[in-house]
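Each remark here refers to the structure printed beneath this line.
The values are calculated or read from the model by the stated rules, or taken from the named source; none is laboratory data. Please read all numbers here as calculations on a predicted model, not as lab measurements. Every residue, glycine as well, gets a Cβ built from its backbone with ideal geometry; the counts of neighbours run over all protein chains shown. What goes into the accessible areas is simple: the full protein's heavy atoms, side chains included, and nothing from ligands, DNA or RNA. Shrake-Rupley method; radii C 1.70, N 1.55, O 1.52, S 1.80 Å.
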Amino acid sequence: VFPPELRFASVKLFNRIFHCFSSYCYFDITEIDGVNTNELYNAVQLYLSSSVSITGNRLSLTRAVNSSGFTFGLANNDSIVDTFNGVNVLWEHVVTQRQAQTFSWRPLPDEKRGFTLRIKKKDKALVLNSYLDYIMEKASDIRRKNQDRLLYTNSRGGSLDSRGHPWESVPFKHPSTFDTLAMDPQKKREIMEDLQDFANGQSFYHKTGRAWKRGYLLYGPPGTGKSSMIAAMANYLGYDIYDLELTEVHNNSELRKLLMKTSSKSIIVIEDIDCSINLTNRNNKGNTSVSASRSYYDSELRGGGGGGGGCGEEGGNTITLSGLLNFTDGLWSCCGSERIFVFTTNHIEKLDPALLRSGRMDMHIFMSYCSFPALKILLKNYLGCEECELEETILKQLEEVVDVARMTPADISEVLIKNRRKKEKAVEELLETLKVRAEMNEKSGVLMRGENGVEEEEEEEQEKRALDSESPKEESEIEDNCKEEEEEEKVK
Ligand SMILES: Nc1ncnc2c1ncn2[C@@H]1O[C@H](COP(=O)(O)OP(=O)(O)OP(=O)(O)O)[C@@H](O)[C@H]1O
Ligand SMILES: [Mg+2]
């Protein structure tokens, strides 16, 4: 019998008084903020999923697209207490029916969902300063753990998708791990430790003033496991992979844009760097442009007005080595953090020494022909043969021939796969193949020595020479040239 205005005013007054005396304050985090999805809502949901125990009465279960795991969540209108730095806070998941649809640019869900965070007024500063950041970080960790890795590619040749991204992604489900990778165990351990140090090295990189990134150059003959190594690295660290197709990039500025659109905790891969682009000599302008087939490709694409902001490279649409080095090494390489660059090549001697000098690629990893320790790993993985199960004499014979045979792990795994049901037969056939190959190599080695007087060198030693051959003088000349090129770019 009160007029509605009076009733409304009294409720408002009551609320005011209540809030004055209440020692709590409340924050609403709605699922949809205006028309945008509220990132914080999703983060809180994920974060709470990690603190909710499976013993709760009612939990919501979700499984995201691309995910192989389930997440638990707080059910509708349920609440949970969380503790942060000794402070208790209460989270409530509030779900209400949305009133009749008002006009909106996109259809809204029928339910209005949100979290309400209740905290003591005296703890407000603490929560706002660090609790929410902590939740965001934790949520992205959980997301990474639950979600499969993503493999990104720039194969669309510079065009953007509907959200303005130059990268396309697919779930990355490569089963290669460091356990399945056949290589010298000592070398493997070194790489794993290096990766682990990198991933845990935030404060180190900060303290030393270095950008938080690391470069690996994988080189060696085809089929020795370079691509498998990259997959193993991604699976080990839980990073996404960006597979950069250089032949699809038209100029340095496009390369830079691609880099800026990569996320942290990722591996940026350029496979077969010697083939995809001719980067051998920056002094010779003719050589710096991309190889012939690509230029042809370009002239077609250019017609479509793809490129735009060319940085003054000849023709405006080529990648230069300096551009690539800037990409991995320059100021732009540190937008974003915790990134690993991996280049692979079959011919390290074809690469420009500037790419090889220390500081550019932090670790050069030679993937060699199958050695005896690597062979033992393959036997274990493919046949389930432990070392002790094999006859002493066979092991000894394998050890003797495997190095001379110079077979790649890919070749050996082919032989093993063929007879994987019959262990003995598989090992026998492998030994036979290895012997034939070893004999062939020995013969051709003799022939080569006889005819050409050339001593056959170990592959690794060749590569080493390629690395050693860079004299410091050449190096600085190249550096200077690079700078000149950059200056020219700037002037233009
Ligand atoms: N070191 C290895 N350990 C285990 N499997 C290997 C290894 N090397 C090669 N393989 C097997 O051989 C196949 C080819 O290997 P991979 O693609 O990794 O070689 P690659 O060095 O990248 O060759 P390319 O130079 O031609 O790209 C893989 O599917 C893998 O099963
Ligand atoms: Mg490969």
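Any residue at all in region 272-294 that's in a helix (DSSP H, G or I), of a type in the set (Val, Ile, Thr) and at pLDDT below 65? Looking for residues that are in a helix (DSSP H, G or I), of a type in the set (Val, Ile, Thr) and at pLDDT below 65, one finds at least one in region 272-294, hence yes. Check whether at least one residue in region 202-212 is open to solvent by less than 60 Å² (accessible area, probe 1.4 Å), more than 13 Å from ligand 1 (Cβ to nearest atom), more than 29 Å from LYS376 (Cα to Cα) and in contact with a Cys (Cβ under 8 Å, 6 or more places away or on another chain), and report yes or no. The answer is yes; a qualifying residue exists. Just so you know, in region 71-97 the residues that are open to solvent by 20 Å² or more (accessible area, probe 1.4 Å) and small (Gly, Ala, Ser) include one that is nearest to PHE115 (Cα to Cα), and it is SER79. For GLY220, only one of the following conditions fails: (1) open to solvent by less than 10 Å² (accessible area, probe 1.4 Å); (2) within 15 Å of ligand 2 (Cβ to nearest atom); (3) on the phi < 0 side of the Ramachandran plot. What is its number? Only one criterion in (1) open to solvent by less than 10 Å² (accessible area, probe 1.4 Å); (2) within 15 Å of ligand 2 (Cβ to nearest atom); (3) on the phi < 0 side of the Ramachandran plot is unmet by GLY220, namely (3). Regarding region 179-190, can at least one residue be identified that is under 17 Å from ARG339 (Cα atoms) and surrounded by fewer than 22 Cβ atoms within 10 Å (Cβ to Cβ)? No - not one qualifying residue is present in region 179-190. The C-beta contact set for region 202-215 (first residue without any contact (Cβ under 8 Å) to a residue 12 or more places away in the chain, second residue open to solvent by 70 Å² or more (accessible area, probe 1.4 Å) and of a type outside the set (D, E, K, R), distance under 9 angstrom, 6+ apart or interchain) comprises ARG210/PHE204.
Pairs are defined by a Cβ separation below 6 Å, a sequence spacing of at least 6 or placement on different chains, a first member in region 11-29 that is of a type in the set (Ser, Thr, Tyr), and a second member that is assigned to a helix (DSSP H, G or I); the pairs so defined are SER23/LYS121. Being away from ligand 1 (no atom under 14 Å from the Cβ) and open to solvent by less than 60 Å² (accessible area, probe 1.4 Å): is that true of ILE135 here? So ILE135 fits the description; yes. Looking only at region 260-271, filter to residues that are crowded, with 20+ Cβ neighbours inside 10 Å and under 15 Å from SER169 (Cα atoms); which one of those is nearest to ligand 1 (Cβ to nearest atom)? This residue is VAL269. Residues of region 167-178 that are buried (at least 16 other Cβ atoms within 10 Å of the Cβ) and among the hydrophobic types (A, V, I, L, M, F, W, C): TRP167, PHE172, PHE178.
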